[in-house]
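The values are calculated or read from the model by the stated rules, or taken from the named source; none is laboratory data. Here the structure is a predicted model, which is why all the values come from computation and not from measurement. Glycine gets a Cβ as well: all are built from the backbone with ideal geometry, and neighbour counts include every protein chain shown. Accessible surface areas use protein heavy atoms only, side chains included; no ligands, DNA or RNA. Shrake-Rupley method; radii C 1.70, N 1.55, O 1.52, S 1.80 Å.
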Amino acid sequence: MDAAFTAEQDEIRRTLREILGKRCGPDEVKAAVRTAAGHDRELWQQLARQLGLPGIAVAEEYGGVGCTPADLALACEETGRVLLPSPLLATAALCIPLIAALGTAAQRSALLPPLAAGGLTAALAVSGPALATALALTGEDTAGHWSGGGRAGGVQARADASGGWRLYGEVAQVLDGHSAALLLVAAHTGGFARSRTLLFLVREDAPGLARTRQAVLDETRPQARIELRDVPAELLGDEGSDVLGALRATGRTASAVLAAEAVGAAGQALARTLEYVRQREQFGRAIGSFQAVKHRLADLYVQVQAARSAAYYAAWDPDQGGLALAQALEALRLTAGEAIQLHGGIGFTWEHDAHLYFKRAAADELLFGPVHRLRAHAADRAGLFAAPAGSSGPVPVPAPAHGAAHDAAHGAAQDADPAGGPRTTPPATPPAPEKVAV
């Protein structure tokens with residue numbers, strides 16, 4: 001493994017940091033998220049034209065840049081630094097890989113070029129708060145029960161007389177669902193006899209489609225509620241497609257992208273805090289000169305660097321994305337919380353910029369975590385707690401160093417004769433405690 005960045009990757013990072021540094025200050029971010037689209041459309045088009053950001057991991061035959069998902073992750077580290085509100089995650093990290101993996105040749109030719117050019121944006125709609133489950137980030141659901149499973153709730157699909165499909169149901173917490181021109185909707189079909197989950201394409205102007213932007217904790221990640229009332233839809237791929245497998249593969253890549261994005265946010269939160277403690281004075285000296293503050297900042301630095309190393313490794317090997325995402329989300333949560341603390345009274349005001357990072361940390365853990373479940377699933381996939389070969393039970397837990405078992409073994413060892421046989425005389429028993437009248 002060569003951990004060094006190429007000249008092209010360094011150039012992408014440098015150019016992207018320069019553009020975002022000019023256009024994505026805290027005030028610009030707050031203004032952009034409060035527009036109808038939830039992001040700066042002009043900036044989005046600039047990033048698409050100048051850097052090809054939406055199509056950075058799309059093959060050149062479909063109008064993309066032709067880079068790898070690792071390049072997308074490195075770019076998202078820069079967007080995470082400024083908490084860029086954009087359709088990049090929903091379009092490039094979630095929808096484009098699914099269309100490339102499941103779509104027919106005609107669908108790929110029709111959809112991937114405008115998505116790569118930034119003229120078309122997309123959003124993935126899965127039932128309820130099940131995005132992490134659908135992407136297999138926090139657990140495996142091989143039956144696809146998160147999509148409804150034929151019961152009430154979720155989105156149901158049925159074939160109509162003309163050979164098309166109709167969708168009905170509703171989906172909450174759809175990232176960029178209010179502004180995306182194309183929706184990828186996961187729906188259950190086949191009832192109990194042929195139960196399966198399929199993905200469908202729904203256009204923004206489809207009759208019966210209603211979209212409502214929701215009030216969320218992190219405004220830089222806009223979400224919407226999608227209602228489908230007998231909406232015409234186009235099946236993505238064919239009925240025999242391995243939708244659940246494609247979602248799992250997309251989840252591995254997306255987790256690496258999310259980890260890099262969280263590391264960028266954590267690094268910037270730490271940098272802003274360092275700048276503040278150098279300037280803020282108390283008792284005639286900068287508060288950053290106090291040993292207690294230095295210790296806290298040193299711990300944060302180690303946490304962020306460890307998360308960055310994990311994110312870079314996951315960009316090279318997406319199978320490690322879940323563990324890297326857990327490390328990065330934890331680093332972002334700790335760094336954002338300490339940033340508020342170390343900014344003192346001004347940091348606790350809701351309008352302070354530090355809260356942008358704190359909200360991102362909390363919202364990402366709600367959407368893609370929590371951290372302990374990400375780690376537990378990574379441990380399950382690695383087989384850390386699997387039963388040994390030839391054993392049908394769980395992993396044996398070693399006996400504690402002290403306790404009844406240890407005392408029994410210790411007593412048996414002392415009772416044994418040095419020559420190898422048991423002693424003929426029983427060991428001396430301790431005298432019974434005397435009863436003392438009080």
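See the values below:
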| read-out | value |
| --- | --- |
| Unique residue being open to solvent by less than 10 Å² (accessible area, probe 1.4 Å) and among the polar types (S, T, N, Q) when the list is S109, S147 | S147 |
| Failed item in (1) over 30 Å from R308 (Cβ atoms); (2) in contact with a Ser or Thr (Cβ under 9 Å, 6 or more places away or on another chain); (3) modelled with pLDDT of 95 or more; (4) not hydroxyl-bearing (S, T, Y), with P207 passing the rest | (2) |
| Failed item, numbered, when D205 is tested on (1) out of contact with any Pro (no Cβ under 7 Å at 6 or more places or on another chain); (2) touching a residue at least 40 places away in the same chain (Cβ under 8 Å) | (2) |
| Hits in the stretch 236-259 - residues which are surrounded by fewer than 19 Cβ atoms within 10 Å (Cβ to Cβ) and of a type in the set (A, V, I, L, M, F, W, C) | A249 |
| V155 vs. criteria more than 30 Å from A382 (Cα to Cα), touching a residue at least 24 places away in the same chain (Cβ under 8 Å) and open to solvent by less than 20 Å² (accessible area, probe 1.4 Å) | yes |
| Evaluation of A132 against (1) modelled with pLDDT under 95; (2) more than 25 Å from R360 (Cβ to Cβ); (3) hydrophobic (A, V, I, L, M, F, W, C) (one fails), failing number | (2) |
| Neighbours by Cβ (under 9 Å, 6+ apart or cross-chain): first from the stretch 336-361, without any contact (Cβ under 8 Å) to a residue 60 or more places away in the chain and over 17 Å from K30 (Cα atoms); second outside any helix (DSSP H, G or I) and not charged (D, E, K, R) | I340/H352; I346/H352 |
| Every residue from the stretch 10-60 that is of a type in the set (G, A, S), exposed (fewer than 13 other Cβ atoms within 10 Å of the Cβ) and farther than 21 Å from L120 by Cα | G21, A31 |
| Condition broken by Y301, with the remaining ones in (1) open to solvent by 40 Å² or more (accessible area, probe 1.4 Å); (2) touching a residue at least 60 places away in the same chain (Cβ under 8 Å); (3) among the hydroxyl-bearing types (S, T, Y) satisfied | (2) |
| Residue among T133, T142, T121 that is farther than 17 Å from G251 by Cα and among the β-branched types (V, I, T) | T121 |
| Cβ pairs under 7 Å, 6+ apart, first in the stretch 29-40 and within 20 Å of G80 (Cβ to Cβ), second open to solvent by 40 Å² or more (accessible area, probe 1.4 Å) | A32/D40; V33/E219 |
| Count of residues meeting criterion [within 11 Å of Y276 (Cα to Cα) and open to solvent by less than 20 Å² (accessible area, probe 1.4 Å)] in the stretch 341-361 | 3 |
| Identity of the residue in the stretch 311-326, more than 11 Å from S255 (Cβ to Cβ) and outside any loop (DSSP other than H, G, I, E, B), that ends up most open to solvent (accessible area, probe 1.4 Å) | W316 |
| Flag for D319 being out of contact with any Leu (no Cβ under 8 Å at 6 or more places or on another chain) and not basic (K, R) | yes |
| Of all residues making up the stretch 197-215, the number that are surrounded by 17 or more Cβ atoms within 10 Å (Cβ to Cβ) and assigned to a loop (DSSP other than H, G, I, E, B) | 0 |
